[in-house]
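Enquirer: Here it is: the structure, laid out below.
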Amino acid sequence: MRLEKYLISCGIASGKVIKKIIKNSEIIVNGLIENDPGRSIDLEIDLIQYKEKELVEKELKYYVLNKPAGYITAMSNPVNNRPIISDVLSKDIDWSGISPVGRLDKDTEGVLIFTNDGALNHELTYPEKNIDKEYYVELSKEISDEDLAKLETGVEIDNYISKPGKVKKITDKVIHLTIIEGRYHQVKKMLRAIGNRVVFLRRIRFAKIELGDLKLGEIREVHRNDIV
Ligand code: URA
């Protein structure tokens, strides 16, 4: 197997980053620095190390949860013993090494992806990748066509202009908003910037993964191809 392919299957980074890691002399094969991504390796014989640890191929896992409101997106270390998302995850699955992709606010529901594929996690959360996140948003006030246009152009939040969103008006007080950024409280801040307020928020799509018929608190195993 090619060294590069093996490193991808260990989930440490995406192909492009892995090339850099190899070129930066960070991969050690049998005690020697290896700079050739195409080097052939035999897992029965060769010892491959990264950051002074032996690498082991792992089965890459992907799950999607319909996150209920009331839980902080964290797998451990509860802050002041508040409920965390791992409390709702099935105890039949071994969650070690698996993390949520990005975060949803405590009061937000909807699509939350979990994986041990570090490369995919990075790809989905890296701002330059422009990954779609679509939200069902209930508002405190009716939204005007002018305000919809502002969301589609970009609004000022935290001293920067948000990238243009895509908006579908469902009713006067409900919209579907698709954004490619994922800053802290992004949707709430965008709506606040146009003088409105989010009263309920649910993520209905992250990349290709849609909420569909997944019930609140339900988790489903998916494939990488279902996500991107
Ligand atoms: N934007 C928000 O404001 N909150 C979320 O949980 C997700 C996006």
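The values are calculated or read from the model by the stated rules, or taken from the named source; none is laboratory data. A quick note: this is a predicted structure, and the numbers were derived from the prediction, not measured. Note that each Cβ is placed from the backbone with ideal geometry, even for glycine, and that neighbours are counted across all protein chains shown.
Enquirer: Among Asn66, Asn77, which is the only one that is in the same structural domain as Ser96 (by TED's automatic domain parsing) and closer than 20 Å to Val228 by Cα?
Expert: Being in the same structural domain as Ser96 (by TED's automatic domain parsing) and closer than 20 Å to Val228 by Cα holds for just one of Asn66, Asn77, which is Asn66.
Enquirer: Let me ask something additional. Could you pull out the residue among Leu60, Leu55, Leu65 that is surrounded by 13 or more Cβ atoms within 10 Å (Cβ to Cβ), within 18 Å of the chain's Cα centre (by Cα) and at pLDDT below 95?
Expert: Going through Leu60, Leu55, Leu65 in turn, just one is surrounded by 13 or more Cβ atoms within 10 Å (Cβ to Cβ), within 18 Å of the chain's Cα centre (by Cα) and at pLDDT below 95: Leu60.
Enquirer: Got a sec? Which of Glu123, Glu134 is within 16 Å of the ligand (Cβ to nearest atom), in contact (Cβ under 8 Å) with a residue 24 or more places away in the chain and either within 30 Å of Lys166 (Cβ to Cβ) or crowded, with 16+ Cβ neighbours inside 10 Å (or both)?
Expert: On the way: Glu123 fails: within 16 Å of the ligand (Cβ to nearest atom).
Result: Glu134 is the single residue among Glu123, Glu134 that is within 16 Å of the ligand (Cβ to nearest atom), in contact (Cβ under 8 Å) with a residue 24 or more places away in the chain and either within 30 Å of Lys166 (Cβ to Cβ) or crowded, with 16+ Cβ neighbours inside 10 Å (or both).
Enquirer: If you don't mind, there's one more thing I want to ask. Could you check region 165-200 and list, in sequence order, the residues that are buried (at least 21 other Cβ atoms within 10 Å of the Cβ) and within 12 Å of the ligand (Cβ to nearest atom)?
Expert: Gly165, Leu177, Ile179, Val187, Met190, Leu191, Val198 - these are the residues of region 165-200 that are buried (at least 21 other Cβ atoms within 10 Å of the Cβ) and within 12 Å of the ligand (Cβ to nearest atom).
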